[in-house]
Amino acid sequence: MNQMNSPLIRIGVFYDGNYFLKISDYYYFQHDRKARISLEGLHEFIRHQVAEEEDVDVRLSQIIDSHFFRGRLSATEARDKDRLFHDRLLDDILMNMGIQTHYMPLKTRDGRLQEKGIDVWLSLEALELAIHKSFDVVVLIAGDSDYAPLIKKLNTVGTRVMLLNWDFKYTDFKGENRVTRASQQLLEQATYPVQMHEVIDQGLSTGDELIESMFVNTPEPVAFPAPKPVRPTGPTAAGPVGTVGISTIKNLKNGFGFVVMPRTTCSSATPIWPRVTSTSCTKATGWSSRWAATTATKTVPVTCAK
C-alpha cells in the first residue's frame, strides 16, 4: 500500500522499447493474429491483471505513469533506411497515449547499430519514480537479465514488480531462426511474472474481449498513400466532363484483348467520338482504319489514333 494508505493501486509502466517493438512485429508478421499490439488495449489488460493479483476492484487499479525507452536512429539514418515515417507514427501513438518517451542515439560498433545505456537509464528512472511517486506496482515490459538489479532494488523499497514477458521462436524471411525469451533471473525475482504468449493464445482461442482488444484492428498507415485520381478538365472518350460511358471488351484471349470506347454526343452540335489505336480499329470495331460514322444530325469522319 502507498504511503498515504489509499486503497488506490498506483501503477507505473516501463517499456524497453525495442523489446516491445520486437513483440509487436512478431504478432504482425509471424503470429496467426497478423496484427500489432495496441498500447491502449495493453494498458487496459495491465489494469485488470494488477487488480486480479492485488485482489482489488479494477477501478482501484490505475496507471499513473508510463515511460518508453529506446535507442533511436538519427533523422538522416532513419530516412535512408526508410524508417522515418514509422518512427514518427510511433511517436504519435505514444504522445496520444500520454506515454513519456526517452531516446538515446544508436551507436555503430563493428559495422552494426547497437543500443547501449537504455537498460541503465530505464532502471534509474523506474527506481527514482517508484520512490517519489509511491508506485505500488511497477510493470516492466522487458526480457533482458540487465534489469535484474532493478527488480531487486524495487523489492527493497516495497514496490511489487509485474513482469510481462514472451517466449517464442520463428524463422524470419532470411531463413534465420529467431528466439525471444525472458531471462530466468527476471522471472524468479518478479513478484508477478506473466507469461504473455500463453495468456494471449488462450484468450484468442476463447474469444476473450480483453485479449482481443490488445490488438490494433485498423489497417496500418502507409508512408506513401496511393494518389487520388485526377478529375479530367476537358472532354474525355465518354464525352463531356461528368459523362459516364460504358466500354465493351472485345476478342479477349489469355488476358489480352481490345476495348471499344463509349460513344456519346455532347450538348453542342458536334458529336464527340472516341479515339482508338490503329492496331485495334479493325478488331475492336469491325470497320476499316478510316471510316465515317453517321448520326441523325451529321456525318463525322473519324480517323484512328496513330
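Here are the numbers:
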| read-out | value |
| --- | --- |
| Heavy-atom accessible surface of the stretch 99-231: percent carbon and sulfur, 1.4 Å | 51 |
| Cut-off under 5 Å, modelled amide H: who pairs with residue 163 long-range | 140, 192, 194 |
| The stretch 111-174 versus the stretch 1-59: alpha-carbon centroid distance in Å | 13 |
| Listed residue (229, 215, 186) projecting farthest to the positive dipole end of the stretch 147-232, Cβ model | 229 |
| Out-of-range pairs (alpha-carbon distance over 21 Å; input 22/107; 22/116; 107/152; 22/81) | 107/152 |
| Calculated FRET efficiency for the pair residue 59/residue 191, C-beta based, R₀ 22 Å, to 0.05 | 0.50 |
| For the stretch 21-26, Karplus couplings with θ = phi - 60° (6.51, -1.76, 1.60), whole Hz, Gly/Pro x | 5, 5, 5, 4, 4, 4 |
| Accessible surface, the stretch 54-138, averaged per residue in Å² (probe 1.4 Å) | 59 |
| Mean Cβ neighbour count within 10 Å, used as a protection proxy, ranking 96-103, 25-32 highest first | 25-32, 96-103 |
| Residue-wise HN-Hα coupling along the stretch 167-174, computed from phi with Karplus coefficients 6.51, -1.76, 1.60 (Hz; x: Gly, Pro) | 9, 7, 9, 7, 9, 7, 5, 8 |
| Summed residue charge, Cβ within 13 Å of residue 60's Cβ, Lys/Arg positive, Asp/Glu negative | -3 |
| Cα-centre dipole for the stretch 3-154 with unit charges at Cβ (Lys and Arg positive, Asp and Glu negative), debye to 20 | 500 |
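The values are calculated or read from the model by the stated rules, or taken from the named source; none is laboratory data. What you see is a predicted model, and the numbers here were worked out from it, not measured in a lab. Note: ideal-geometry Cβ built from the backbone for every residue, glycine included; neighbour counts use all protein chains shown. With ligands, DNA and RNA removed, areas are computed over all heavy atoms of the protein, side chains included. Shrake-Rupley method; radii C 1.70, N 1.55, O 1.52, S 1.80 Å.
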